[in-house]
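Below is one structure, written out as structure tokens; comments come after it.
The values are calculated or read from the model by the stated rules, or taken from the named source; none is laboratory data. Everything numeric in this text was worked out from a predicted model, so none of it was measured. Positions of Cβ are backbone-derived with ideal geometry, glycine not excepted, and every protein chain shown enters the neighbour counts.
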């Protein structure tokens, strides 16, 4: 799977001004409406289930049991010395159908708001090693919740022209519509654009704080921050993530990717040659 929009491939050698300018172009090219061909409810179904609710046509048309459960990819990174370990894990329902990874040298340090330029090259190399074409990609990182509305999930989603969602563990920018502390499982509130975010009117919803998990017997679990990357709307992005969490705080695609990234990192630390799965 290779870039559809190669002009947006992040260049770690660019100046900061050039990076930020490219992000503005990425945001202008992004689509934050639902533009995909699968039933959002299907992402949590098993591969063998018939998608009887998905009707590709008028409301009174017959159901289409031949519709497939979509391929959902999770993307995550680990780090080894001055190298990035990027992985993609693709599932159809509960079945992992493909895994791929890449290990590349890190060219710049972590700079808030410029994550795609630090890790994007490695992520795109992992996608290049992938044979299948995911219907949806879930990133460990922000999408539209970003200073220039072009976080990692948006930047790579637009570059690959694939429906994408960003899931971050912390809030980079924007203002929650309600206090997020100690909320019950399943609760969500909008993240609203504020003065830190370019080209978005104040109060524009750009994502959600979503309380994906909470435990009666444990300390309070913080929410995750969900935002559309590309070709997914704000509300649908959070609906998709809620369907994919499967009883855990993080959505299953990125949870599996996190585990695979650790596996690959361990192999490289032990001297593995780095072939893809």
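A quick yes/no check of all residues on (1) in a loop (DSSP other than H, G, I, E, B); (2) within 21 Å of residue 31 (Cβ to Cβ):
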{"site": "179", "(1), (2)": "yes, no"}
{"site": "184", "(1), (2)": "yes, no"}
{"site": "190", "(1), (2)": "no, yes"}
{"site": "227", "(1), (2)": "no, yes"}
{"site": "232", "(1), (2)": "yes, yes"}
{"site": "250", "(1), (2)": "yes, no"}
{"site": "265", "(1), (2)": "no, no"}
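Being crowded, with 19+ Cβ neighbours inside 10 Å, within 15 Å of the chain's Cα centre (by Cα) and closer than 29 Å to residue 37 by Cα: is that true of residue 229 here?
yes
Looking only at residues that are without any contact (Cβ under 8 Å) to a residue 60 or more places away in the chain and not in a loop (DSSP other than H, G, I, E, B) in region 192-209, which one is surrounded by the most Cβ atoms within 10 Å (Cβ to Cβ)?
208
What number of residues within region 39-71 satisfy the criterion of being over 17 Å from the mean Cα position of the chain (by Cα) and at pLDDT 50 or above?
Adding up the residues that qualify gives 11.
Using the structure shown, decide if residue 163 is in contact with a helix residue (DSSP H, G or I) (Cβ under 8 Å, 6 or more places away or on another chain) and at pLDDT 95 or above.
Against the criterion (in contact with a helix residue (DSSP H, G or I) (Cβ under 8 Å, 6 or more places away or on another chain) and at pLDDT 95 or above), residue 163 qualifies.
Would you confirm, using the coordinates I've provided, whether residue 172 is closer than 30 Å to residue 94 by Cβ and touching a residue at least 60 places away in the same chain (Cβ under 8 Å)?
Criteria not met by residue 172.
With in contact with a strand residue (DSSP E or B) (Cβ under 6 Å, 6 or more places away or on another chain) and under 24 Å from residue 134 (Cα atoms) as the only criterion, which of 250, 192, 256 stands out?
The conditions single out 256.
If residue 112 passes every condition in (1) in a loop (DSSP other than H, G, I, E, B); (2) out of contact with any helix residue (DSSP H, G or I) (no Cβ under 9 Å at 6 or more places or on another chain); (3) buried (at least 19 other Cβ atoms within 10 Å of the Cβ) but one, which one does it miss?
(3)
Look at residue 246 and say whether it is touching a helix residue (DSSP H, G or I) at 6+ places or on another chain (Cβ under 7 Å), in contact (Cβ under 8 Å) with a residue 40 or more places away in the chain, surrounded by fewer than 17 Cβ atoms within 10 Å (Cβ to Cβ) and over 20 Å from residue 144 (Cα atoms).
Spelling it out, residue 246 is indeed touching a helix residue (DSSP H, G or I) at 6+ places or on another chain (Cβ under 7 Å), in contact (Cβ under 8 Å) with a residue 40 or more places away in the chain, surrounded by fewer than 17 Cβ atoms within 10 Å (Cβ to Cβ) and over 20 Å from residue 144 (Cα atoms).
So residue 214 clears everything in (1) touching a strand residue (DSSP E or B) at 6+ places or on another chain (Cβ under 7 Å); (2) free of Cβ contacts under 8 Å to residues at least 60 places away in the same chain; (3) farther than 22 Å from residue 87 by Cβ except one condition, right? Which one?
(1)
Among residues belonging to region 72-89 that are without any contact (Cβ under 8 Å) to a residue 60 or more places away in the chain and on the phi < 0 side of the Ramachandran plot, point out the one that is farthest from the chain's Cα centre (by Cα).
Here is the first cut: in region 72-89, the ones without any contact (Cβ under 8 Å) to a residue 60 or more places away in the chain are 81-82, 84.
With the extra rule that they be on the phi < 0 side of the Ramachandran plot, the set shrinks to 82, 84.
Numbers: 82: 24, 84: 17 Å.
Filtering first and then ranking leaves 82.
If you scan region 115-151, which residues turn out to be touching a residue at least 60 places away in the same chain (Cβ under 8 Å), under 30 Å from residue 203 (Cα atoms), outside any loop (DSSP other than H, G, I, E, B) and under 14 Å from the mean Cα position of the chain (by Cα)?
Hits for region 115-151 are 116, 120, 136, 137, 138, 139, 140.
Quick one: how many residues across region 16-31 are in a loop (DSSP other than H, G, I, E, B) and touching a helix residue (DSSP H, G or I) at 6+ places or on another chain (Cβ under 7 Å)?
Residues in region 16-31 being in a loop (DSSP other than H, G, I, E, B) and touching a helix residue (DSSP H, G or I) at 6+ places or on another chain (Cβ under 7 Å): 1 in total.
The rows are residues; the columns are (1) under 19 Å from residue 256 (Cβ atoms); (2) out of contact with any strand residue (DSSP E or B) (no Cβ under 6 Å at 6 or more places or on another chain); (3) surrounded by 22 or more Cβ atoms within 10 Å (Cβ to Cβ).
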position	(1), (2), (3)
101	yes, no, yes
116	no, yes, yes
119	yes, no, yes
128	no, yes, no
144	no, no, yes
160	no, yes, yes
164	yes, no, yes
183	no, yes, no
187	no, yes, no
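Taking residue 212, is it surrounded by 17 or more Cβ atoms within 10 Å (Cβ to Cβ), within 20 Å of the chain's Cα centre (by Cα) and modelled with pLDDT of 95 or more?
No; evaluated as a whole, the condition is false for this residue.
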